[in-house]
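Everything below concerns the one structure shown next.
The values are calculated or read from the model by the stated rules, or taken from the named source; none is laboratory data. Predicted, not measured: the structure shown is a model, and the values here were computed from it. For neighbour counting, all protein chains shown are included, and Cβ atoms are generated from backbone atoms with ideal geometry for every residue, glycine included.
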Amino acid sequence: MINDQDFDIIRALGVLRRQWRLIAITFVLVMSAAVLGIFALQPAYTASALIFVDTSDKNLLDPTAPGAALGSADARVDSEVQIATAESTLLKVVNEAGLLNDPEFDVVFDVRERLMAMLRLADPVPVTPERKLMAAQTKLRHAVRVFRNGLTFLITISATADDPETAANIANILANVYIRLQLETKIAATQASRDIIEERVQQASATVIETEEAMDSFIADSVERIVAETGRTDLNQVRNELEVLNTNRQLLTAMADDAETDIAARNWAGLADAFQGDTLRSLREREGDLQQRLTSVTSGSPAELELRAELAQVVAALGVEAGNQLTGLRAQIASIQARAADLQLQLRSSVLSSDLPPAIVTNIYELQQTAELARSQYQTLLTRLKDLEAQSFLQVADSRIISSALVPELPSFPDTRLLLLLGGVLSLGLGIGLAFLRENVIGGFTSDVQLSSVLKMPVASTIPRQRGSASKESLANLMISAPFSHFAESIRRLQVGVDQAFRRSWNANTKTGPVVMVTSANANEGKTTLSMSLTRAYALAGKKTLLIDCDLRKPSVHVHLGMPASPKLLNFLNEGGEGADLEAIAVTDRLTRARVVIGARKAEIRGGQVVTGELFGRLIQAAQANYEIVVLDTPPVGAVVDALHLAQYANAIVVVTRYSTTSQRDAKATLQALSDAKRDDAEIMGVLSQAEQSKFLNRRKYGGYYNED
């Protein structure tokens, strides 16, 4: 993983430079998927209507009424936002906008229902009107958005739909339904208040009548006492006349009520007896005569038709005359009632103007105050009732549409520019993330800089891949056949790195040759080729060099030398080193003066046990005493433990990593294992083998200075 302490901008730029192909591929793939996804999306259109909420009191009967306070106004506007999206509001919009017939707002079966129906595990769920209505209402709730514009009194109602005209239609209908419901609510509230006041008015009216009657009754009952104490006999006369008028009024009222009943029942005889009028009596007699004559004529004859027509005229005349008589009777009753009211007022005035006893004055004053309060309350309630009746027809909505929703020309979703920008940022970020992931976690190594950065070790050289050769000769032969090739130059660069490590970790005064161990994390990474090439580089430099094939499990150095395998090393170690010396088991490289100890594999001998034995350590000590450079070709660290045992003898350790193949996990594990097994003064360095290098890069590095073999 990346160590945050070692992370810097230079390293990050290096990662981006090395992994630019991965970043570019990721960017192209993700952006292509984003473009396809954007064009596959169903476009949606959004239309918005703007509403102004006026929180002031809009009483048209009192235009000077104060408005609402700011705090309550804010709460009012926030409440209106909730009211505009209430279930009742949305239900009316569904019906008025015809959304039940719109496929966009139709019922959609979920995955489970469709799967069950497809597998015939359940009957299809019927689409009932209730379900259609619920589905349309639910989708409408998700399609509309109502919000307050900041701290203003403006509310925006927006609707989103697949069709632009549908979006504008829904927004406008929702705005109008909201305002209409607001007005209906205000009218209903006013009418409810009116009904309550009307009931109270009736109670107040009864109270007024009751107090007035109590006042009159008290005065009438007190007349004789007042007359006895004051001597005003006129009060008796007024009271007597008033009693006569009231009696006559009651009789005439009862007569009028009976007359109305007789008129409704066409009881002309009763009416004639009640009113005693000549005209009414004459018409009644004429009606009876016609009824008698009808019994003697033939049914359907012209005479019968004439008699019935005349009878209809007489009955109509009876109704008119009875109505006139009843009207006159009602007028007479009204006249008597007016006269009685005048006498009652005259009696009350006369009594109040008399010199009354204190007890009577007190009672009259109490009755007056009660009556006055009842009248005042009645007047107040009656006035409020009239105001509410007028207000119920003069209500205006608190909200009004400032701007109606227009049909949008461009879709609100998807926002192509924004999505492309987000897609570009996402794809670039994903590509960079994958680049760092590949660079530091899962990918192979593609440059010496990456190898050094990830493993935190110096990289001595990068060995280029050799192409175009059909020969099966070892690449190590290029050290002789192509000494100026890139391959040979990279081996000599490795030689310089090893020499520098020797100077830092090896004491030349010991008169023993330093040991360089070549290993790798896995097999087939080029460590044997590198060991042979490095051995020849030292031999060509005039160093007395010895290469020991320490991979006794699978020796391969003899293949590079073009020689058969030799069991001399195994025999030498198996026999305890007796009867043979180091020179006896070594062979000479035919192309250089280097000496090589090659091996062979025997089934009865376990190479790992031989390498880890004490005798093998003595062998290496003998090699150091007789040679200036000792090279150990060891098995892969990830496969067997032989290299870890041999690490204790090395003054420098070269870890070969194959280009773009060795995983970073294996390389890190190998480096950690070698760090634990090596000597404290031994240095570990890396080599990137079989690296891909373009001709342009080679030409830029070397130009025409070297021949490119």
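Output the residue which, of all residues in the stretch 481-512 that are farther than 21 Å from ASP448 by Cα and either outside the structural domain of GLY686 (by TED's automatic domain parsing) or β-branched (Val, Ile, Thr) (or both), is surrounded by the fewest Cβ atoms within 10 Å (Cβ to Cβ).
THR510
Looking only at residues in the stretch 533-562 that are assigned to a loop (DSSP other than H, G, I, E, B) and not small (Gly, Ala, Ser), which one is farthest from VAL597 (Cα to Cα)? Walk me through it before giving the result.
Step one: of the stretch 533-562, the residues assigned to a loop (DSSP other than H, G, I, E, B) are 541-544, 550-556, 562.
Applying the additional criterion that residues be not small (Gly, Ala, Ser) yields 543-544, 550-555.
On the way: LYS543: 17, LYS544: 14, CYS550: 9, ASP551: 11, LEU552: 11, ARG553: 15, LYS554: 14, PRO555: 11 Å.
The selected residue is LYS543.
Quick one: in the stretch 517-531, which of the residues that are of a type in the set (A, V, I, L, M, F, W, C) and part of a loop (DSSP other than H, G, I, E, B) is surrounded by the most Cβ atoms within 10 Å (Cβ to Cβ)?
The initial filter retains those residues of the stretch 517-531 that are of a type in the set (A, V, I, L, M, F, W, C), namely 517-518, 521, 523, 530.
If we keep only those that are part of a loop (DSSP other than H, G, I, E, B) too, we end up with 521, 523.
Numbers: ALA521: 28, ALA523: 13.
So the residue we want is ALA521.
With THR55, THR46 as the choices, which residue is modelled with pLDDT of 90 or more, buried (at least 16 other Cβ atoms within 10 Å of the Cβ), in the same structural domain as ALA143 (by TED's automatic domain parsing) and among the polar types (S, T, N, Q)? Can you show your working first?
Working: THR55 fails: modelled with pLDDT of 90 or more.
Just a single option satisfies the conditions, and that option is THR46.
Suppose we filter ALA192, ALA228, ALA204, ALA188 for residues that are in contact with a helix residue (DSSP H, G or I) (Cβ under 9 Å, 6 or more places away or on another chain), of a type in the set (Gly, Ala, Ser) and either assigned to a helix (DSSP H, G or I) or within 30 Å of SER399 (Cα to Cα) (or both); which single one remains?
Working: ALA192 fails: in contact with a helix residue (DSSP H, G or I) (Cβ under 9 Å, 6 or more places away or on another chain); ALA228 fails: in contact with a helix residue (DSSP H, G or I) (Cβ under 9 Å, 6 or more places away or on another chain); ALA188 fails: in contact with a helix residue (DSSP H, G or I) (Cβ under 9 Å, 6 or more places away or on another chain).
None of the others qualify; the one that does is ALA204.
Check SER471, SER481 and return the single one that is out of contact with any His (no Cβ under 7 Å at 6 or more places or on another chain) and modelled with pLDDT of 90 or more.
Values: SER471 fails: modelled with pLDDT of 90 or more.
The unique qualifying residue is SER481.
Can you tell me which residue among GLN337, GLN292 is modelled with pLDDT of 80 or more, more than 60 Å from the chain's Cα centre (by Cα), closer than 21 Å to ALA256 by Cβ and in the same structural domain as GLU241 (by TED's automatic domain parsing)? Talk me through it step by step, then tell me what you get.
On the way: GLN292 fails: closer than 21 Å to ALA256 by Cβ.
Matching residue, one of GLN337, GLN292: GLN337.
Only one of these is in the same structural domain as TYR378 (by TED's automatic domain parsing), surrounded by fewer than 15 Cβ atoms within 10 Å (Cβ to Cβ) and not hydrophobic (A, V, I, L, M, F, W, C): ARG180, ARG225, ARG141. Name it.
Working: ARG180 fails: in the same structural domain as TYR378 (by TED's automatic domain parsing); ARG141 fails: in the same structural domain as TYR378 (by TED's automatic domain parsing).
Step by step, each of ARG180, ARG225, ARG141 is checked, and only ARG225 is in the same structural domain as TYR378 (by TED's automatic domain parsing), surrounded by fewer than 15 Cβ atoms within 10 Å (Cβ to Cβ) and not hydrophobic (A, V, I, L, M, F, W, C).
Spot the failing condition for LEU367; the list is (1) closer than 30 Å to LEU181 by Cα; (2) surrounded by 13 or more Cβ atoms within 10 Å (Cβ to Cβ), and only one is missed.
LEU367 satisfies all of (1) closer than 30 Å to LEU181 by Cα; (2) surrounded by 13 or more Cβ atoms within 10 Å (Cβ to Cβ) except (1).
Scan the stretch 457-470 and give yes if some residue there is assigned to a helix (DSSP H, G or I) and exposed (fewer than 14 other Cβ atoms within 10 Å of the Cβ), otherwise no.
Filtering the stretch 457-470 for residues assigned to a helix (DSSP H, G or I) gives none.
No - not one qualifying residue is present in the stretch 457-470.
What number goes with the only condition from (1) in a helix (DSSP H, G or I); (2) over 30 Å from ALA175 (Cβ atoms) that LEU388 does not pass?
(2) is the only condition that LEU388 fails.
Keeping to the stretch 563-598, report how many residues are among the polar types (S, T, N, Q) and assigned to a strand (DSSP E or B). Outline the logic, then answer.
Going residue by residue through the stretch 563-598, those that are among the polar types (S, T, N, Q) are 566, 571, 574, 588, 592.
After this cut, where a residue has to be assigned to a strand (DSSP E or B) as well, the list is 588.
Total satisfying the criteria: 1.
Output the number of residues of the stretch 352-376 satisfying the condition of being in contact with a helix residue (DSSP H, G or I) (Cβ under 8 Å, 6 or more places away or on another chain) and modelled with pLDDT under 75.
Residues of the stretch 352-376 in contact with a helix residue (DSSP H, G or I) (Cβ under 8 Å, 6 or more places away or on another chain): 352, 354-357, 360, 363-364, 367-368, 370-371, 374-375.
Within this subset, residues satisfying the condition of being modelled with pLDDT under 75 are 352, 354-357.
Looking only at that region, the number is 5.
With the condition kept exactly as written, say whether any residue in the stretch 537-551 is modelled with pLDDT under 85, in the same structural domain as ILE480 (by TED's automatic domain parsing) and surrounded by fewer than 22 Cβ atoms within 10 Å (Cβ to Cβ). Full working, then the answer.
Kept after step one, since they are modelled with pLDDT under 85, are these residues of the stretch 537-551: none.
No - not one qualifying residue is present in the stretch 537-551.
Residues GLY323, GLY319, GLY328, GLY300: which one is assigned to a loop (DSSP other than H, G, I, E, B) and out of contact with any strand residue (DSSP E or B) (no Cβ under 9 Å at 6 or more places or on another chain)?
Checking each option against the conditions leaves just GLY300.
Condition first: assigned by TED's automatic domain parsing to the domain that holds VAL244, hydroxyl-bearing (Ser, Thr, Tyr), surrounded by 14 or more Cβ atoms within 10 Å (Cβ to Cβ) and at pLDDT below 80. Can you find one or more residues in the stretch 297-310 that meet it?
Let us first name the residues in the stretch 297-310 that are assigned by TED's automatic domain parsing to the domain that holds VAL244, namely 297-310.
From the residues that got through so far, the ones that are hydroxyl-bearing (Ser, Thr, Tyr) too are 298-299, 301.
Those still in the list that are surrounded by 14 or more Cβ atoms within 10 Å (Cβ to Cβ) too: none.
Within the stretch 297-310 (the criterion being assigned by TED's automatic domain parsing to the domain that holds VAL244, hydroxyl-bearing (Ser, Thr, Tyr), surrounded by 14 or more Cβ atoms within 10 Å (Cβ to Cβ) and at pLDDT below 80), the answer is no, since none of the residues qualifies.
It is to be established whether one or more residues within the stretch 348-361 are in contact with a Leu (Cβ under 7 Å, 6 or more places away or on another chain), surrounded by fewer than 18 Cβ atoms within 10 Å (Cβ to Cβ), free of Cβ contacts under 8 Å to residues at least 40 places away in the same chain and not in a helix (DSSP H, G or I).
Taking every residue of the stretch 348-361 in turn, none turns out to be in contact with a Leu (Cβ under 7 Å, 6 or more places away or on another chain), surrounded by fewer than 18 Cβ atoms within 10 Å (Cβ to Cβ), free of Cβ contacts under 8 Å to residues at least 40 places away in the same chain and not in a helix (DSSP H, G or I).
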